[in-house]
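Undergrad: After the structure tokens below, expect a handful of questions from me.
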4 protein chains.
Amino acid sequence: MLDGQFHEGQGGDTDTDPAVGGIAADRLRSIIERVERLEEERKALAGDIKDIFTEAKSAGFDVKVIRQIIRLRKLEPAEVEEQETLLDIYRRALGI
Amino acid sequence: MLDGQFHEGQGGDTDTDPAVGGIAADRLRSIIERVERLEEERKALAGDIKDIFTEAKSAGFDVKVIRQIIRLRKLEPAEVEEQETLLDIYRRALGI
Amino acid sequence: MLDGQFHEGQGGDTDTDPAVGGIAADRLRSIIERVERLEEERKALAGDIKDIFTEAKSAGFDVKVIRQIIRLRKLEPAEVEEQETLLDIYRRALGI
Amino acid sequence: MLDGQFHEGQGGDTDTDPAVGGIAADRLRSIIERVERLEEERKALAGDIKDIFTEAKSAGFDVKVIRQIIRLRKLEPAEVEEQETLLDIYRRALGI
């Protein structure tokens, strides 16, 4: 049985899985509450990241340059080198 | 002293706060590693949320409607009622 | 020939497609300028949309409810009806 | 009078501003249709930008590096230079 589907309410079902209006209310509530909790955590993490950048700025670091560093650290060393070479070539081609 | 600022390297400084090229390398590394760790956690949470919606769909629930429910649960009951009243009025005005 | 690729500079090429540092500078410049122009337009449109919502608010409309209407107008009438039915069922199941 | 507000329907009002259910239906419809049109344009622009990057890739250019170039062109020359200097210092401090 797919719990979320409409189904005939059955007496024996009710204790573990109370079906209100034909759906598995407990299952639905669990899904929604877990999503809400995870979204709260995501929001908290976004706030923590923002706080670290505020701290970095207060300590005299350049936040944009830190973001560049974080971008570079996600790449393989060979990729970093290749991108730098290309960036130089493109800049010279454009005269910037 | 603002650690991230350029400053004269001093011998006595080096053990606790090695300044490479005139900046507080340890402080910078700590900032970057903390941001990277939090961004990893955010990505993991986004994956967890996606998994729950996949579970919800497999269980026969409508994911769009669950998102509506989550939106409504963020509002005060009076706000929900007001929005519903207005939605009805606007829909009637537009003939939809 | 792929214009962006590195290639041997040739005298005859230079007038129509000046290759600086081995790449097709004009082609690169054209690509970049077109992207920049389109991004400008996108930003302008985002501003225009914001202005309309400001106008709507000044005229006494509820902006959140207008967004709901816009969401509903993207759906087929049968989908709207199905979502409303499910929303009612889920709300009753959750007691909200 | 704020057009979107609830107000007493009046006979003389109806020709220019038919108030259905007490709201300015024409005004509401105009707002919604303008937002929808602008959102369509935004979506079209996003598609156009994607097409240009596809073209750039086919022409042998590196799309990530083009994005770097676009980022740099938004800055003043002095800012570009400052960011490059800092990037070098931070990278040396981190040993990357």
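The values are calculated or read from the model by the stated rules, or taken from the named source; none is laboratory data. This structure is a prediction, so every number in the text was calculated from the model and none was measured. Using ideal geometry, Cβ is built from the backbone for each residue, glycine included, and neighbour counts are taken over all protein chains shown.
Undergrad: Is it fair to say B:GLY22 is in contact with a Phe, Trp or Tyr (Cβ under 7 Å, 6 or more places away or on another chain), surrounded by fewer than 17 Cβ atoms within 10 Å (Cβ to Cβ) and either at positive phi or modelled with pLDDT of 95 or more (or both)?
TA: Against the criterion (in contact with a Phe, Trp or Tyr (Cβ under 7 Å, 6 or more places away or on another chain), surrounded by fewer than 17 Cβ atoms within 10 Å (Cβ to Cβ) and either at positive phi or modelled with pLDDT of 95 or more (or both)), B:GLY22 qualifies.
Undergrad: Restricting to segment A:68-92, name every residue that is farther than 21 Å from B:VAL35 by Cβ and charged (D, E, K, R).
TA: Listed by number, the residues that qualify are A:GLU81, A:GLU82, A:GLU84, A:ASP88, A:ARG91, A:ARG92.
Undergrad: Sticking with this one: What is the one condition in (1) modelled with pLDDT of 95 or more; (2) among the small types (Gly, Ala, Ser); (3) loosely packed, with under 12 Cβ neighbours inside 10 Å that A:ALA56 does not satisfy?
TA: (3)
Undergrad: Six or more apart or on different chains, Cβ atoms under 7 Å: show the pairs whose first residue is in segment B:59-74 and among the aromatic types (Phe, Trp, Tyr) and whose second is surrounded by fewer than 17 Cβ atoms within 10 Å (Cβ to Cβ) and not in a helix (DSSP H, G or I).
TA: Short answer, once both residue conditions are applied: none.
Undergrad: Can you go through D:GLU81, D:GLU36 and tell me which one is loosely packed, with under 12 Cβ neighbours inside 10 Å and among the acidic types (Asp, Glu)?
TA: D:GLU81
Undergrad: Can you name the condition, by its number, that B:ARG67 falls short on among (1) at the interface with chain A (Cβ under 7 Å from one of its Cβ atoms); (2) under 22 Å from C:ARG91 (Cα atoms); (3) assigned to a helix (DSSP H, G or I)?
TA: (1)
Undergrad: Kindly indicate whether C:ARG37 is charged (D, E, K, R), under 20 Å from D:ILE70 (Cα atoms) and facing chain D (nearest Cβ under 9 Å).
TA: Here the answer is no, as C:ARG37 does not meet what is asked.
Undergrad: Sticking with this structure for a sec: For segment D:74-96, enumerate the residues that are more than 9 Å from chain B (Cβ to nearest Cβ) and outside any helix (DSSP H, G or I).
TA: D:LYS74, D:LEU75, D:GLU76, D:ILE96
Undergrad: Can I ask one more? Which of the residues belonging to segment B:48-64 are of a type in the set (Phe, Trp, Tyr) and assigned to a helix (DSSP H, G or I)?
TA: Hit for segment B:48-64 is B:PHE53, nothing else.
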